[in-house]
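The structure under discussion appears below in the form of structure tokens.
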Amino acid sequence: MGMQGKHLIDREAVLVLPGEKIYDCIIIGAGPGGLQAAIYLGRYNRKVLIIDRGGGRTSHARHIENLLTQKVISGSEIIRLGMEQAESFNVEIQKGLVTRVLKPGLFEVYAGEVKYLSRFVLVSSGGTENLPRIENLFKFFGTGIFTCIDCDGYRTTGKKLVVIGNSIKTVQVAFGMKDMYTADITLVLYTDKIPEAYKDELAEEGIPFVIGRPVKFIGGERLEALEMQDGKRIPCEVVLSHFGYKLNDGFLSGLNLKRDADNFKFVTSRDYEASLSGLYIVGPLAGDDQVVIAAGEGAMAAIDMKKRLFEMRA
Ligand SMILES: Cc1cc2nc3c(=O)[nH]c(=O)nc-3n(C[C@H](O)[C@H](O)[C@H](O)COP(=O)(O)OP(=O)(O)OC[C@H]3O[C@@H](n4cnc5c(N)ncnc54)[C@H](O)[C@@H]3O)c2cc1C
């Protein structure tokens, strides 16, 4: 249908059809960053929509032990409680996959065929683990196989550990794990580019290393060994897999946002506003990769939005 005959509202240089709902903020991703921001904004009585596809990294964390006041809590419980709390302050939560964000005037957030409008957008879509293709990985993921030192390094204390990775940084990780957690470490590398200096240092530290491809994790209830392509088995109780993660950022590609010197994370202000005015980015896409940090970043972004909405008298 054409625009003629319709009553149009000119608001912030954008033509908005009457009846089209304008959110104060649309939050992409219901992880700790997005949910904490939603709770603040909901308590400012702002119109907030969270769009979340489900199954994020936090929901894979089985035992979170480093969150203030929570001796141990699962990631899925944090998400469940966070959603409940956000909804109690009238935040709307929709299941959906955001495919595109544009800003011709107001923000346009596309989920499937539906377009949503908002004054601000907060991106808290997190990352996706890079995991090696090794048989039985998911059987032990979160109990014997870990990916994050800050999250689960402690769980390797005093245990027989294998560190797997594909870069020189993995060698440094092995040294760090030895300093903090356990002396019994074997390093398995997918690369043969180890400088001589590292070989000497590994020998001095008593860390054996194996170059090659692991194919299978062996064990019943508990992890017992890592099997290599040549059939050799490396005994282990725990594994630290060091392959990093990718960002869930495909839907931002139309916005030409500034990234860091490695062309990886997004550059933001102190309040987590990206290089596009009104777009905030929190969690691993811009900052650090911990529940409490993502949540803190979400709170800071929400407080900044509150000030901006004051100024707009929206
Ligand atoms: C196995 C594991 C253990 C961990 N243990 C700990 C721990 O002990 N302590 C700790 O502090 N941290 C831990 N973490 C890290 C913690 O989960 C992250 O710091 C946290 O996830 C960051 O939160 P976030 O809000 O940025 O993103 P996430 O929790 O990743 O949430 C992002 C959400 O956005 C959704 N999403 C992504 N793309 C889209 C899209 N296009 N449209 C709609 N929705 C989308 C995802 O599905 C997900 O629901 C662990 C992570 C893992 C994987």
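The values are calculated or read from the model by the stated rules, or taken from the named source; none is laboratory data. The shown structure was predicted, so the numbers you read here are calculated from the model rather than taken from an experiment. Here the Cβ is made from the backbone with ideal geometry for all residues, glycine too, and neighbour counts use every protein chain on show.
Kindly indicate whether any position in segment 152-172 is among the aromatic types (Phe, Trp, Tyr), surrounded by fewer than 16 Cβ atoms within 10 Å (Cβ to Cβ) and at pLDDT 95 or above. Scanning segment 152-172, I find at least one residue that is among the aromatic types (Phe, Trp, Tyr), surrounded by fewer than 16 Cβ atoms within 10 Å (Cβ to Cβ) and at pLDDT 95 or above, so the answer is yes.
In the set (1) under 22 Å from the mean Cα position of the chain (by Cα); (2) within 20 Å of Asp179 (Cα to Cα), Lys159 fails one condition alone, (1).
Residues of segment 38-52 that are within 10 Å of the ligand (Cβ to nearest atom) and either of a type in the set (A, V, I, L, M, F, W, C) or over 21 Å from Lys21 (Cβ atoms) (or both): Ile50, Ile51. All conditions but one from (1) modelled with pLDDT under 95; (2) outside the structural domain of Gly278 (by TED's automatic domain parsing) apply to Val114; the one that does not is (2). Among the residues of segment 113-145, those identified as small (Gly, Ala, Ser) and either within 10 Å of the ligand (Cβ to nearest atom) or over 26 Å from Ala302 (Cα atoms) (or both) are Ser124, Ser125, Gly126, Gly127, Gly142, Gly144.
One line per residue, one yes/no per condition, for (1) without any contact (Cβ under 8 Å) to a residue 12 or more places away in the chain; (2) closer than 23 Å to Thr268 by Cβ; (3) within 11 Å of the ligand (Cβ to nearest atom):
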| site | (1), (2), (3) |
| --- | --- |
| Arg62 | no, no, yes |
| Glu65 | no, no, yes |
| Gln85 | no, no, no |
| Leu106 | no, yes, no |
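Selection of segment 248-287 for residues being of a type in the set (S, T, N, Q), within 12 Å of the ligand (Cβ to nearest atom) and either closer than 25 Å to Cys148 by Cα or buried (at least 21 other Cβ atoms within 10 Å of the Cβ) (or both) yields only Asn248. Of all residues in segment 87-104, which are near the ligand (Cβ under 10 Å from one of its atoms) and either of a type in the set (Phe, Trp, Tyr) or assigned to a loop (DSSP other than H, G, I, E, B) (or both)? Scanning segment 87-104 gives Gly96, Leu97. Would you check which residues across segment 62-84 are crowded, with 21+ Cβ neighbours inside 10 Å and assigned to a loop (DSSP other than H, G, I, E, B) and list them? Those that are crowded, with 21+ Cβ neighbours inside 10 Å and assigned to a loop (DSSP other than H, G, I, E, B): none in segment 62-84. Taking segment 57-78 as the range and being in contact with a helix residue (DSSP H, G or I) (Cβ under 7 Å, 6 or more places away or on another chain) and small (Gly, Ala, Ser) as the test, the residues that pass are Ser59, Ala61, Gly75, Ser76.
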